[in-house]
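Engineer: Once you've had a glance at the structure underneath, I'll fire off some questions.
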Amino acid sequence: MDNRVEVMTFSQLKKLVEELESNKTVTDDTKVFIDTGWDSVQEVEPNALHVEEVVEFKVQDELTKEFYVGYSLLEKAERMNAEGTAETAIIIRNLY
């Protein structure tokens, strides 16, 4: 059995934005960050959202022999031994 993280869909994102718009504490000037688990949060730049193609790949944990599913940008798919059909995805590019 493969281990995979549930991936947010565009319809789920739109619903969350709707909820944020009705939140009285969120204004047009509210900043957006990503919490990656480190001590600080990561800034999301205004031009960070892109539409790209991704492909699924699997990696095996050497100790447990379990497989984990991930996604790679199409341009890096060969390096990741990705298999399957490319699909459109919304990417938050955070490369600073």
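Engineer: Let me spell out the model: positive unit charges on the Cβ of Lys and Arg, negative unit charges on the Cβ of Asp and Glu, origin at the Cα centre of the stretch 10-93. What dipole size does that give, in debye rounded to 20?
Structural biologist: Working: 9 positive and 19 negative charges, 18 e Å.
For the stretch 10-93, the charge dipole is close to 80 debye.
Engineer: Please report, as a whole percent, how much of the solvent-accessible surface of the stretch 10-93 comes from carbon and sulfur atoms (probe radius 1.4 Å).
Structural biologist: Working: 3790 of 7180 Å².
Carbon with sulfur: 53 percent of the solvent-accessible area.
Engineer: Per residue, what accessible area does the stretch 10-93 have, given a 1.4 Å probe and all protein chains present, in Å²? Please report the intermediate quantities before stating the final value.
Structural biologist: Working: 7180 Å² over 84 residues.
That works out to 85 Å² per residue.
Engineer: If you add up the charges near ASP2, with Lys and Arg at +1 and Asp and Glu at -1, over every other residue whose beta carbon is less than 14 angstrom from its beta carbon, what do you get? Don't skip to the end; give the middle numbers.
Structural biologist: On the way: positive: ARG4, LYS58, LYS65; negative: GLU6, GLU56, ASP61, GLU66, GLU83.
Within the 14 Å Cβ shell, the charges total -2.
Engineer: When Lys and Arg each count +1 and Asp and Glu each count -1, what net charge do the other residues less than 13 Å away from GLU21, Cβ to Cβ, add up to? Intermediate results must be reported in sequence, preceding the final value.
Structural biologist: On the way: positive: LYS14, LYS15, LYS24; negative: GLU18, GLU19, ASP28.
Around GLU21, the charge tally is 0.
Engineer: What are the ³J(HN,Hα) couplings of the stretch 86-94, residue after residue, when phi is run through the Karplus curve with 6.51, -1.76, 1.60 and θ = phi - 60°? Round to Hz, x for glycine and proline.
Structural biologist: Going residue by residue, I get 5, 9, 6, 9, 8, 10, 9, 8, 10 Hz, with x marking Gly and Pro.
Engineer: Helix 10-21 against the longest principal axis of the chain: what's the angle in degrees, Cα atoms only, rounded to the nearest 10?
Structural biologist: Helix 10-21 sits roughly 20 degrees off the main axis of the chain.
Engineer: How many Å³ per residue does the convex hull of the Cα positions in the chain occupy?
Structural biologist: Numbers: hull volume 15.6 nm³, N = 96.
Taking only Cα atoms, the chain has a hull volume of 162 Å³ per residue.
Engineer: May I ask you to derive the relative contact order of the chain, considering only C-alpha pairs under 8 Å and at least 6 residues apart, and to give it as an integer percent? Mind showing how you got there, number by number?
Structural biologist: On the way: 120 pairs, mean separation 28.6, N = 96.
Answer for the chain is 30 percent.
Engineer: Calculated FRET efficiency, ASP2 and ASN23, Cβ-Cβ r, R0 41 Å, to nearest 0.05?
Structural biologist: Working from the Cβ atoms, E equals 0.70.
The values are calculated or read from the model by the stated rules, or taken from the named source; none is laboratory data. Only a predicted model underlies this, so the values are computations on that prediction, with no experimental measurement involved. Positions of Cβ are backbone-derived with ideal geometry, glycine not excepted, and every protein chain shown enters the neighbour counts. When the accessible area is computed, the model is the full protein with side chains, heavy atoms only, and any ligands, DNA or RNA have been set aside. Shrake-Rupley method; radii C 1.70, N 1.55, O 1.52, S 1.80 Å.
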